[in-house]
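First, the structure itself, so that you have it in front of you.
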Amino acid sequence: MILRQKELGAKGEEIAARYLKNKGYRIIERNYRIRLGEIDIIAEHGQELVFVEVKTRSDVLFGSPFESVTKQKQKQLSKVALDYINRTHRHNRPARFDVVGIEFQEGGNSYQDAKIELLQNAFDLCYSN
C-alpha cells in the first residue's frame, strides 16, 4: 500500500517520536510552526535542546532521506529554531539539529517495516542569506 505524501510524513513523524523516546529523548513539542516554516520535533536529550527534522521515504527513487535536507532547508530550520529559542527564553541552552531518516520497506507502513537512521548534529546553525 502506497501512502499519500502527507500520510507518509505523519506516519514517519510518529515512528520518529517513538524511536527518539526509546533513545532517551524527551519530546517537548511536535510540529512547531511559524510563518517561516516548521520543525517536526523539538526535544531534550540530556542537557541539549534538539531540533529534529524527520524525512520519510517509501522508496529511494528521489534519493535518501538525508539528501533532502538541503542548505536551503537548513537555513529555514535554523530560523524557526531561533524563533523557538527566543519565544521560550532558552538562550543559554546548548542546542543541535538532528535528522531522522525513515525508509519503509516495500508495502510496509509500520514501525517494524521501517529502516530508521538517526544523524545527530546533522548540521550547524545557518542564518545567513
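Consider all pairwise Cα distances in the stretch 5-123 and report the whole-number % of them above 16 Å. Walk me through the numbers before you get to the answer.
Numbers: 4075 of 7021 pairs.
Taking all Cα-Cα pairs of the stretch 5-123, the fraction more than 16 Å apart is 58 percent.
Identify, among L49, V69, L82, the residue whose Cα sits farthest towards the positive end of the charge dipole of the chain, taking +1 on the Cβ of Lys and Arg and -1 on the Cβ of Asp and Glu, with the dipole about the Cα centre.
L82
Across the chain, how many lysine pairs separated by 8 or more positions, or lying on different chains, have Cα atoms within less than 17 Å?
Lysine pair count for the chain: 11.
Have a look at L119, I34, V100 and report the one farthest towards the positive end of the charge dipole of the chain, computed about the Cα centre with Cβ charges (Lys/Arg +1, Asp/Glu -1).
I34
Here is a further query. Once amide H atoms are placed 1.01 Å from N in the peptide plane, what residues at a sequence separation of 5 or more from R57, or on another chain, have their amide H within under 5 Å of its amide H?
When sequence neighbours closer than 5 places are left aside, the close amide H contacts are I102, E103, F104.
At most 11 other Cβ atoms within 10 Å and a DSSP loop assignment: could you name the trypsin sites (Lys or Arg not before Pro) in the stretch 24-93 that fit?
When the trypsin sites (Lys or Arg not before Pro) of the stretch 24-93 are filtered for loop state and at most 11 Cβ neighbours within 10 Å, R35 remain.
Can you give the calculated 222 nm mean residue ellipticity of the chain, where each DSSP H run of n ≥ 4 adds -39,500 (n - 2.57) and the sum is split over every residue, rounded to the nearest 500 deg cm²/dmol?
-9500 deg cm²/dmol
Which FRET efficiency value, to the nearest 0.05, is calculated for I28 and R4 with the Förster distance at 25 angstrom and r the Cβ-Cβ distance? Each step should come with its number before you reach the end.
Details: r = 28 Å, r/R0 = 1.13.
Computed FRET efficiency for I28 and R4: 0.30.
Suppose every K and R has +1 on its Cβ and every D and E has -1 on its Cβ; what is the size of the dipole of the chain about the Cα centre, in Debye to the nearest 20? Intermediate values should be presented prior to the final figure.
Details: 21 positive and 18 negative charges, 98 e Å.
For the chain, the charge dipole is close to 460 debye.
Values quoted throughout were computed directly from the atomic coordinates according to the rules given, and no laboratory measurement underlies them. Given the structure is predicted, the values throughout are model-derived calculations rather than measurements. In this analysis, Cβ positions are derived from the backbone assuming ideal geometry, glycine residues included, and neighbour counts consider all displayed protein chains.
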